[in-house]
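*Asks:* Here it is: the structure, laid out below.
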Amino acid sequence: MGLSDVLGRRRRRPVMATEAAIEAETKTSETEDVKQGARFYLDYIMKDKPAFAGTIVIVVFLGFALVEGVLQQLASYMKQSPQNSNYGTLLLPSNPIKLSFATKLLPPSLNDFPNYIMGTNFQGQSIFSRVLYATPHDAMASILVVGSAIFIGMFVGTAAGYLGGWADEVMMRLTDAFLALPAIVLAITISVLIGGGYTSLLVALLVIWWPTYARFFRAQALTLRNKGYVEASKLNGSSWLRILVKHIIPNSVDPIIAYATLDMGTVILTFATLAFLGIGVTSGYPEWGFESSQGLQFFPQQWWYSIMPGLVIALVVVAFTLAGDRLQDLIGGRITY
Amino acid sequence: MAEPLVETRALKKYFKATKAGALEALFHHRAPEVKAVDDVNVAIQEGEILALVGESGCGKTTLGRLIATLESPTSGDILYSGEKLTKSTLRRIRKEIQIVFQNPFESLDPRATIQAVVTEPLQKLGYSRSVKEAAAERVLASVGLDAYFAERRPRDLSGGQRQRVAVARAIISTPKLVILDEPTSALDASVQSQVLNLLLDLRQEFNLTYLFITHNIAVARFISDRAATMYAGEIVEMGPTKQVIGEPKHPYTQALLRSVPSLETKEVAPPSGEVPSLINLPKGCRYHPRCPFVMAICKEEDPKLRRVGDVLVACWLFK
Amino acid sequence: MTSRDDSNDIVSVENLAITYRTVYGSLQALNGVNFSVAKGESVSIVGESGCGKSTLGLATVHLLPLNARYAAGRLMLDGKDVAKMSGREILAMRGTTAFMIFQDPLNTLNPVKRIDAQMLEAIRSRARHEGTSFNEQEALKEAIDKLEDVRMPDPSTIIRRYPHQLSGGQIQRVVIAMGLLMRPKLMIADEPTSALDVTVQAQVLKLLRDLQREYNMSIIFITHDINVAYSICDRMVVMYAGEVVESGDSDKVTRNPLHPYSQALIRSVPRTTKQEGRLTAISGALPNMITPPSGCRFHPRCPYVMDVCGGASPPVFEKDGDKVRCYLYGRTAG
């Protein structure tokens with residue numbers, strides 16, 4: 001029974017499979033020239049100027065963060081002192097940690113381009129250098145938080161949606177609990193409770209971020225579990241785990257790409273907001289938000305101290321929003337070609 | 001008569017109309033039930049094509065899903081070659097059953113290659129990749145698709161082609177029973193006829209048995225050996241297709257036939273009224289509010305299927 | 001049948017070509033379509049998906065999507081050229097001259113408004129157009145009367161309900177009733193029964209037939225089902241790949257189809273009466289409408305294909321009162 005019959009049987013060609021019919025069928029697949037997958041998305045982002053600009057900013061931001069981050073890790077590994085030139089300062093116009101009271105509170109100017117384009121702070125450090133130096137933390141925050149939230153949410157949400165019953169109820173109430181609490185307050189609490197500092201803040205953000213994705217994947221699983229191919233798979237003896245991994249998860253991922261892009265911007269904004277309040281800040285590391293809050297004391301005479309980091313935050317967040325929004329339009333079907 | 005391939009006995013499937021919450025359960029409030037399949041006895045012989053005909057809400061899809069083991073019965077039994085369907089026999093029985101769904105756009109995983117789709121039924125059998133490839137090629141040829149399609153994805157195929165892939169997936173493990181739920185309803189007329197012809201060829205070639213669910217009586221007439229009409233969760237008439245569709249006895253089957261527009265009759269003669277809600281069924285015969293031959297007993301008692309010549313009819317007109 | 005008197009036509013389409021701009025290219029939805037509907041006549045347009053029948057229907061009431069282009073030809077509705085109508089004229093035309101009903105009944109009505117509110121809205125709009133006064137009591141009575149006309153059981157109860165409380169068949173009746181309230185000259189129905197059950201479909205078809213006679217209304221009935229088309233219309237128009245391939249009296253077209261596609265279509269549809277053997281299937285597949293076949297668009301699938309068929313598109317020939325676009329019936333423009 002089974003395969004041997006299919007293989008062993010002398011293949012009598014049914015009337016339907018005439019040469020003409022086969023030829024006609026193969027000719028209809030003439031849409032090969034339509035780009036699929038990543039190229040398709042890229043193509044549509046490029047058609048919208050703001051989204052395109054946003055994408056460029058994102059690429060520069062992430063690219064620079066990657067390189068700078070690696071260099072900083074290398075520097076600390078080699079136990080180099082942050083006060084002097086080290087690997088971390090290779091790409092920067094000046095040392096962001098070294099005190100230099102002679103150059104304190106200088107307004108933005110084109111002197112020593114690009115060192116002073118954002119002016120200097122109270123300790124004489126170039127704000128531009130400090131902003132660049134802090135980039136890896138924000139980039140890593142956005143990628144790690146969103147990435148982990150997707151990962152956790154994917155398994156929890158899909159399982160809950162597909163299996164239903166108790167698993168579903170438990171997950172729903174759990175996410176309800178997390179979503180009911182005000183995010184910022186919760187983040188502060190968790191972060192402080194586990195010791196404060198950068199990694200603690202990331203953990204705190206992850207805790208408040210994952211429920212949204214879990215819900216999202218659950219909704220997808222609820223829709224997909226009724227699809228023909230899932231039921232056929234069930235009939236063919238697939239275990240629920242196999243169905244989840246092979247059929248449901250891969251087909252759930254598409255719509256969240258756009259949302260995740262938007263979300264990365266939101267993470268950066270939240271991170272900066274908390275840094276503004278002093279949460280998650282390690283001494284000596286010039287977080288964007290924290291710089292801005294430091295600069296408030298000197299506002300409005302030395303306006304650049306507070307405004308400049310804020311502008312950078314805004315630029316990066318807007319870039320993610322533009323690109324993500326455009327992707328969202330595409331996936332949500334709001335754009336017609 | 002030989003033992004039927006599939007037999008249902010007093011099969012019932014009731015759905016809860018609303019989700020009962022914790023409070024309602026506390027007060028033992030019984031949620032209203034949708035009586036989708038109500039006490040159905042049907043048998044399918046090996047090698048035959050049984051058509052299940054009816055309109056939406058009559059329960060034919062639910063009955064099909066019950067027989068396909070995709071739903072579990074509220075009460076009653078289903079026997080496969082004499083063996084009862086239970087939790088322990090489920091896995092074994094499922095190996096002999098396959099299903100083809102109505103919607104060609106949702107029955108194939110959009111992310112899988114056609115080859116992966118058609119060989120999925122073979123996954124647990126331990127075949128090597130090359131054997132699976134060969135089998136995929138053979139089965140695709142059987143349904144009239146060139147081997148070129150094996151590497152494509154569903155989005156590159158038309159509706160008719162996708163249905164053929166669905167059929168290929170259903171026959172690759174040579175199941176005993178294939179349940180087809182409106183397989184051609186979503187296809188264009190010219191493609192429909194291709195797929196129907198194909199199904200007949202395959203039945204011949206692989207000695208399959210079909211449970212063919214459709215609302216289209218003409219299609220049922222064309223493809224089936226035996227037919228059963230369903231109304232409001234019950235089978236009202238069952239027998240050889242020539243008789244059930246050619247010379248229907250039950251008033252509903254007659255009404256159904258008179259409602260089908262055809263090139264032979266210029267006007268249609270539909271029945272009055274509408275299909276009843278499965279939550280609030282009429283007392284007695286479920287068709288009686290619409291029946292032109294209604295009698296006193298019809299309003300009191302629901303008739304059971306009785307043998308009248310070669311067919312089974314559930315109607316008080318036939319004692 | 002000799003050439004028709006144009007002034008009696010409610011719809012007159014001459015050599016119409018419509019294209020859609022898509023991401024894949026320009027889609028030739030309609031190509032050189034000639035078509036007319038006389039006052040009080042019911043015509044059905046039959047064809048499979050992609051043949052352009054919906055496009056033709058939508059074009060008649062100027063409801064084409066934004067990426068459609070009138071590439072050539074004219075579409076006259078009640079004597080006016082639809083493509084050249086001003087915004088105001090279009091608004092005035094829709095509902096009063098021509099009314100359209102669609103396949104999915106649930107999406108046609110506003111789900112948050114009751115039926116009576118929506119029907120009164122239609123009457124109010126008509127009163128505005130005609131310049132007559134609107135009286136709510138009278139309007140309500142008229143609405144209930146119309147529901148009775150469409151054979152709706154218990155109209156005074158139904159009218160106070162919301163759309164989601166009605167079945168598909170009931171909603172279609174409500175939509176037809178609303179259409180009738182506007183007293184249109186032409187009703188265009190785009191697959192109005194495809195989503196309905198067999199018996200409900202039969203009820204709606206019978207209703208439309210009866211109404212058409214009572215109101216002497218023209219109907220354009222668009223469908224993919226040739227049996228349905230036959231039961232509802234006097235004249236039938238068969239479309240394939242954006243072109244009208246055959247048109248004529250419905251009895252003639254179904255009993256003695258001239259065009260190979262019509263023949264194949266009729267032979268490929270299963271019947272409720274006994275059939276021997278297999279269905280005659282049409283080989284091949286529907287063509288790509290971005291790059292349709294040259295010449296006669298059916299020629300790659302035609303069992304009678306000749307050399308000339310792949311060249312220029314065949315002109316329309318007349319035979320026995322039917323019009324057919326096929327080189328089997330002539331060589332040059334006849």
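*Asks:* Residues in the stretch B:134-143: is at least one of a type in the set (Val, Ile, Thr), more than 8 Å from every other protein chain (Cβ to nearest Cβ) and outside any helix (DSSP H, G or I)?
*Replies:* Checked against the condition, which is being of a type in the set (Val, Ile, Thr), more than 8 Å from every other protein chain (Cβ to nearest Cβ) and outside any helix (DSSP H, G or I), the stretch B:134-143 yields no hits at all.
*Asks:* Would you mention how many residues in the stretch B:99-117 are under 22 Å from B:Leu199 (Cβ atoms), facing another protein chain (nearest Cβ under 7 Å) and of a type outside the set (Asp, Glu)?
*Replies:* Selection size over the stretch B:99-117: 5.
*Asks:* Considering only the stretch B:118-130, I want to know if a residue exists there that is in contact (Cβ under 8 Å) with a residue 24 or more places away in the chain, of a type in the set (Asp, Glu) and either more than 30 Å from C:Ser283 (Cα to Cα) or surrounded by fewer than 21 Cβ atoms within 10 Å (Cβ to Cβ) (or both).
*Replies:* no
*Asks:* Could I ask something else about it? Can you tell me which condition C:Gly277 does not meet? The list is (1) touching a residue at least 40 places away in the same chain (Cβ under 8 Å); (2) farther than 30 Å from B:Pro276 by Cα, and all the others hold.
*Replies:* Just one mismatch for C:Gly277, condition (1).
*Asks:* Residues that are touching a Phe, Trp or Tyr at 6+ places or on another chain (Cβ under 8 Å) and more than 9 Å from every other protein chain (Cβ to nearest Cβ): which helices (runs of 4 or more DSSP H) entirely in the stretch B:144-252 hold 2 or more of them? Even if it seems obvious, please write down each step before you answer.
*Replies:* Numbers: elements: B:159-171, B:189-206, B:217-223, B:241-244.
Ranges flagged: B:159-171, B:189-206.
Here's the yes/no breakdown for (1) among the aliphatic types (A, V, I, L, M); (2) within 21 Å of C:His259 (Cα to Cα); (3) away from every other protein chain (no Cβ under 14 Å):
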| residue | (1), (2), (3) |
| --- | --- |
| C:Val11 | yes, no, yes |
| C:Leu27 | yes, no, no |
| C:Val33 | yes, yes, yes |
| C:Val43 | yes, yes, yes |
| C:Leu58 | yes, no, yes |
| C:Asn67 | no, no, no |
| C:Ala72 | yes, no, yes |
| C:Lys80 | no, no, yes |
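*Asks:* When the residues of the stretch A:232-252 are narrowed to those that are in a helix (DSSP H, G or I) and free of Cβ contacts under 8 Å to residues at least 12 places away in the same chain, which ends up surrounded by the fewest Cβ atoms within 10 Å (Cβ to Cβ)?
*Replies:* Keep residues of the stretch A:232-252 that are in a helix (DSSP H, G or I), which gives A:232-235, A:240-252.
Going one step further and asking which of them are free of Cβ contacts under 8 Å to residues at least 12 places away in the same chain, we end up with A:232, A:234-235, A:241-242, A:245, A:250.
Numbers: A:Ala232: 26, A:Lys234: 20, A:Leu235: 21, A:Leu241: 10, A:Arg242: 15, A:Val245: 14, A:Pro250: 14.
If we take residues in the stretch A:232-252 being in a helix (DSSP H, G or I) and free of Cβ contacts under 8 Å to residues at least 12 places away in the same chain, then A:Leu241 is surrounded by the fewest Cβ atoms within 10 Å (Cβ to Cβ).
For every residue, the table says whether it meets (1) of a type in the set (Val, Ile, Thr); (2) surrounded by 16 or more Cβ atoms within 10 Å (Cβ to Cβ).
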position: A:Phe61; (1), (2): no, yes
position: A:Phe64; (1), (2): no, no
position: A:Val67; (1), (2): yes, no
position: A:Leu74; (1), (2): no, no
position: A:Tyr77; (1), (2): no, no
position: A:Asn84; (1), (2): no, no
position: A:Thr103; (1), (2): yes, yes
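*Asks:* Between a residue in the stretch C:308-334 that is over 18 Å from C:Gln263 (Cα atoms) and any residue that is among the hydrophobic types (A, V, I, L, M, F, W, C) and at pLDDT below 85, which pairs come within a Cβ distance under 6 Å, given they are 6 or more apart or on different chains?
*Replies:* C:Pro315/C:Ala333
*Asks:* Among the candidates C:Tyr215, C:Tyr304, C:Tyr230, which residue alone is under 22 Å from the mean Cα position of the chain (by Cα), surrounded by fewer than 17 Cβ atoms within 10 Å (Cβ to Cβ), of a type in the set (Ser, Thr, Tyr) and more than 25 Å from C:Thr19 (Cβ to Cβ)?
*Replies:* Values: C:Tyr304 fails: under 22 Å from the mean Cα position of the chain (by Cα); C:Tyr230 fails: surrounded by fewer than 17 Cβ atoms within 10 Å (Cβ to Cβ).
The conditions single out C:Tyr215.
The rows are residues; the columns are (1) free of Cβ contacts under 8 Å to residues at least 60 places away in the same chain; (2) under 30 Å from B:Leu66 (Cα atoms); (3) aliphatic (A, V, I, L, M); (4) surrounded by fewer than 20 Cβ atoms within 10 Å (Cβ to Cβ).
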| site | (1), (2), (3), (4) |
| --- | --- |
| B:Val139 | yes, yes, yes, no |
| B:Leu145 | yes, no, yes, no |
| B:Arg153 | yes, no, no, yes |
| B:Arg162 | yes, yes, no, no |
| B:Ala166 | no, yes, yes, no |
| B:Ile172 | yes, yes, yes, no |
| B:Pro183 | no, yes, no, no |
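*Asks:* Here's another thing I want to ask about it. Determine if the stretch C:79-92 includes at least one residue that is acidic (Asp, Glu), assigned to a loop (DSSP other than H, G, I, E, B) and under 22 Å from the mean Cα position of the chain (by Cα).
*Replies:* To start, the set of residues in the stretch C:79-92 that are acidic (Asp, Glu) comprises C:81, C:89.
Next, only the ones that are assigned to a loop (DSSP other than H, G, I, E, B) stay: none.
No, there is no match, as no residue in the stretch C:79-92 is acidic (Asp, Glu), assigned to a loop (DSSP other than H, G, I, E, B) and under 22 Å from the mean Cα position of the chain (by Cα).
Each row is one residue, and each column tells you yes or no for (1) closer than 30 Å to A:Ile127 by Cβ; (2) of a type in the set (S, T, N, Q); (3) within 25 Å of the chain's Cα centre (by Cα); (4) within 14 Å of chain B (Cβ to nearest Cβ).
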| position | (1), (2), (3), (4) |
| --- | --- |
| A:Trp240 | no, no, no, yes |
| A:Met264 | yes, no, yes, no |
| A:Ile279 | yes, no, yes, no |
| A:Gly284 | yes, no, no, no |
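*Asks:* Here's a check for you: in the stretch C:177-203, which residue that is facing chain B (nearest Cβ under 10 Å), under 18 Å from the mean Cα position of the chain (by Cα) and among the aliphatic types (A, V, I, L, M) is surrounded by the fewest Cβ atoms within 10 Å (Cβ to Cβ)?
*Replies:* By that ranking, first place goes to C:Ala195.
*Asks:* Could you count how many residues in the stretch B:192-204 are touching a residue at least 24 places away in the same chain (Cβ under 8 Å) and touching a Leu at 6+ places or on another chain (Cβ under 8 Å)? If you could, list the steps in order and put the result at the bottom.
*Replies:* Here is the first cut: in the stretch B:192-204, the residues touching a residue at least 24 places away in the same chain (Cβ under 8 Å) are B:192, B:194-196, B:198-199, B:202-203.
From what is left, the residues that are touching a Leu at 6+ places or on another chain (Cβ under 8 Å) are B:195-196, B:199, B:202.
The number of residues fulfilling the criteria is 4.
*Asks:* Further question on the same structure: Of all helices (runs of 4 or more DSSP H) completely enclosed by the stretch A:114-231, which ones contain at least 3 residues that are more than 14 Å from chain B (Cβ to nearest Cβ) and within 18 Å of the chain's Cα centre (by Cα)?
*Replies:* Numbers: elements: A:127-163, A:165-180, A:183-193, A:198-224.
Output list reads A:127-163, A:198-224.
*Asks:* Going by the conditions given, is A:Trp210 of a type in the set (Phe, Trp, Tyr) and over 27 Å from B:Ser107 (Cβ atoms)?
*Replies:* Values: of a type in the set (Phe, Trp, Tyr): yes; over 27 Å from B:Ser107 (Cβ atoms): yes.
Criteria met by A:Trp210.
*Asks:* Right, C:Tyr230: out of contact with any Asp or Glu (no Cβ under 6 Å at 6 or more places or on another chain), facing chain B (nearest Cβ under 7 Å) and at pLDDT 90 or above or not?
*Replies:* Numbers: out of contact with any Asp or Glu (no Cβ under 6 Å at 6 or more places or on another chain): yes; facing chain B (nearest Cβ under 7 Å): yes; at pLDDT 90 or above: yes.
In short, yes.
*Asks:* Mind listing just one residue for me: the one in the stretch C:93-135 that is assigned to a loop (DSSP other than H, G, I, E, B) and in contact with a His (Cβ under 9 Å, 6 or more places away or on another chain) and, of those, farthest from C:Val174 (Cα to Cα)? Walk me through how you get there before you give the answer.
*Replies:* Applying the first criterion (assigned to a loop (DSSP other than H, G, I, E, B)) to the stretch C:93-135 yields C:95-97, C:102-104, C:108-114, C:131-135.
Restricting the remaining residues to those that are in contact with a His (Cβ under 9 Å, 6 or more places away or on another chain) gives C:95-96, C:111.
Numbers: C:Gly95: 15, C:Thr96: 17, C:Pro111: 13 Å.
My answer is C:Thr96.
*Asks:* Kindly indicate the residue of the stretch B:118-133 that is more than 19 Å from B:Ala68 (Cα to Cα) and facing chain A (nearest Cβ under 8 Å) and also modelled with the highest pLDDT among those meeting that condition. Write out each step before concluding.
*Replies:* Narrowing the stretch B:118-133 to residues more than 19 Å from B:Ala68 (Cα to Cα): B:119, B:123-133.
The next check asks that each one be facing chain A (nearest Cβ under 8 Å); those that pass are B:123-125, B:127, B:131.
On the way: B:Gln123: 84, B:Lys124: 76, B:Leu125: 77, B:Tyr127: 84, B:Val131: 90.
By that ranking, first place goes to B:Val131.
*Asks:* Hey, does the stretch C:119-141 have a residue that's crowded, with 17+ Cβ neighbours inside 10 Å, away from every other protein chain (no Cβ under 14 Å) and of a type in the set (Phe, Trp, Tyr)?
*Replies:* There is no residue in the stretch C:119-141 that is crowded, with 17+ Cβ neighbours inside 10 Å, away from every other protein chain (no Cβ under 14 Å) and of a type in the set (Phe, Trp, Tyr).
*Asks:* Scan the stretch A:168-203 for residues that are among the small types (Gly, Ala, Ser) and surrounded by 15 or more Cβ atoms within 10 Å (Cβ to Cβ) and jot them down.
*Replies:* Within the stretch A:168-203, the subset among the small types (Gly, Ala, Ser) is A:177, A:180, A:183, A:187, A:191, A:195-197, A:200.
Correct list: A:Ala183, A:Ala187, A:Ser191, A:Gly196, A:Gly197, A:Ser200.
*Asks:* Also, quick follow-up: Could we say that C:Glu14 is of a type in the set (Asp, Glu) and part of a strand (DSSP E or B) here?
*Replies:* On the way: of a type in the set (Asp, Glu): yes; part of a strand (DSSP E or B): yes.
Yes.
*Asks:* Counting only residues that are within 12 Å of chain A (Cβ to nearest Cβ) and not in a loop (DSSP other than H, G, I, E, B), how many does the stretch C:278-304 have?
*Replies:* Of the residues in that region, 2 qualify.
*Asks:* Here is a follow-up. Considering only the stretch C:233-261, state which residues are within 11 Å of chain B (Cβ to nearest Cβ) and β-branched (Val, Ile, Thr).
*Replies:* C:Val253, C:Thr254
*Asks:* Pick from C:Ser42, C:Ser26, C:Ser49: which is farther than 30 Å from C:Ala285 by Cβ, in contact (Cβ under 8 Å) with a residue 60 or more places away in the chain and either of a type outside the set (A, V, I, L, M, F, W, C) or buried (at least 19 other Cβ atoms within 10 Å of the Cβ) (or both)?
*Replies:* Details: C:Ser26 fails: farther than 30 Å from C:Ala285 by Cβ; C:Ser49 fails: farther than 30 Å from C:Ala285 by Cβ.
Among C:Ser42, C:Ser26, C:Ser49, only C:Ser42 is farther than 30 Å from C:Ala285 by Cβ, in contact (Cβ under 8 Å) with a residue 60 or more places away in the chain and either of a type outside the set (A, V, I, L, M, F, W, C) or buried (at least 19 other Cβ atoms within 10 Å of the Cβ) (or both).
The values are calculated or read from the model by the stated rules, or taken from the named source; none is laboratory data. Everything numeric here is computed off the predicted structure, so don't read it as measured data. So basically every Cβ, Gly included, is an ideal-geometry build from the backbone, and we count neighbours across all protein chains shown.
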